[in-house]
Amino acid sequence: MKKPPQLILAIDTSCDDTSVAITCGPYVLSNVIASQTELHRQYGGVFPTVAKQAHKENIAPTVLAALKRAGVTWEDMQAIAVTQGPGLAPALEVGIMCAKQLASEHKLPVIPINHLEGHLFSVLARPKPGGTPWQQLGSALSNVSNALGIIVSGGHTLFVQVQRIGEYTTLGQTLDDAAGECLDKIGRMLNLGYPAGPIIEQFAKLGDPKVITFPLPLTTIKTYDLSFSGLKTSARNLLEENGTTKVLQKQELYDFCASIQYSVFRHITYKLGKVLADHSFAQIWLGGGVAANATLRRMIRETIRVHATQVIDPKLRVPYSKKLCMDNAAMIGVVASFKQAQQSNDKQIERRPRWGLGEN
Ligand code: KG4
Ligand code: ZN
């Protein structure tokens, strides 16, 4: 008998966005994000206690909106997935409390999910085919093996080898700021508002990336680790004169944005080149807020092409929408489906000769 598809209500409150999604296997039925960007703009970054309060106010209406937009009810739900970390502790707490409360009210299991796993698996999310009722979707989960995950967000920047769901090796990561954080901090120096990454992308389109040459970090160490704080300091040194920030003319600002964006991404692709020279992957996955940037995608594709051989020519996979790049709950729901599928497979496959009564 065909198994009915599993509907999951997923919650992510790891940072400054309250998000609730309904997913069915890899399919996204709804992905509602109540953004707090306006609230945090005045601080030029995320303020944890303000985030917690806003999550508390937003969570219940966001749950309702996600159910309504997906056209489903609590009776249809099979599980609740929630981000357990990493993230801001006060913000995470709101999502976890809400998940526990809803789980006990509706007698559903809670699946705790790692936020970074969410960013990794965001590339596997699929839009629900229009006109198909969710009951007919099935759970078309792709096979996962030997992918390189690149996460570039406001909180993280890392290269991860994905052997299979739940089996990861971090190959390299930032030793200080994340790539998005670096762009946001430089944007703050330029008075661009928060978050600055998307604004820098727009301004960079009007500028020349060759006008300013920033240093390429960590070229002398052999690891795949990254560092963005030196680029931030170089930007500050160029912008500040005698303790005050220079006012740039329009074209100077565009050229500055194009140059710093190029330098941040060149650092990522330089290290990616090293990873690809030493390892081979079936696929390359790009996730996180900065993955929405078209220039980064182009530069990564070029780097992959340079390292491709006749035998090894991995495809770059990116999330199907920009919403899936940023913090969102749909990616959490997708990981939960993979975990559920793996658990039921594992139960059939793995032998446990010493399995005592009562052991999980
Ligand atoms: O994934 P995300 O929403 O939150 C974290 O998990 O951190 O990422 C937010 C980051 C911010 O630093 C923002 O400036 C950056 O992603 N970002 C971008 C773009 N869109 C968002 N950076 C460059 N280009 C973009 N288009
Ligand atoms: Zn994130």
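Rule-based calculations on the coordinates, nothing more; no lab input. This one's a predicted model, so the numbers in the text were calculated from it and none came from an experiment. Virtual Cβ from ideal backbone geometry, glycine too; neighbours counted across all protein chains shown.
Beta bridges from DSSP with both residues in the chain: antiparallel share about 55 percent, rounded to the nearest 5. Considering all alpha-carbon pairs of the chain, what whole percent are spaced by more than 29 angstrom? For the chain, the share of Cα pairs beyond 29 Å comes to 44 percent. Relative contact order, whole percent, for the chain stands at 22, derived from Cα pairs under 8 Å and 6 or more residues apart. Here Q251 and T132 are evaluated by their C-beta separation; at R0 = 51 Å the FRET efficiency comes out at 0.55.
Legend: distances between Cα atoms for K128/K274; K274/K323; K246/K271; K185/K205; K205/K232; K250/K274; pairs beyond 26 Å are K128/K274; K274/K323; K246/K271; K250/K274.
If you take the charge dipole of segment 147-317 about its Cα centre, with +1 on Lys and Arg Cβ and -1 on Asp and Glu Cβ, which of N191, S227, V311 is farthest toward its positive end? Positive-most Cα among the choices belongs to V311. In percent, rounded to a whole number, the relative contact order of segment 147-317 is 28, using alpha-carbon pairs under 8 Å and six or more apart.
Within the P(r) computed for segment 147-317, what percentage of the Cα pairs occupies the region above 29 Å?
So the portion of pairs separated by more than 29 Å is 20 percent.
Among the helices of the chain, those built from whole DSSP H runs whose Cα atoms reach 24 Å or more along their own axis and whose mean Kyte-Doolittle hydropathy is at least 0.0 are 89-106. The helix-based estimate of mean residue ellipticity at 222 nm for the chain, built from -39,500 (n - 2.57) per DSSP H run of four or more residues and divided by its residue count, is -13000 deg cm²/dmol to the nearest 500.
Only lysines eight or more places from K100 in sequence, or on another chain, were considered; those with a Cα closer than 23 Å are K52, K56, K68, K339.
In segment 117-189, inverting the average of 1/r over every pair of distinct C-alpha atoms gives 14.7 Å as the Kirkwood radius.
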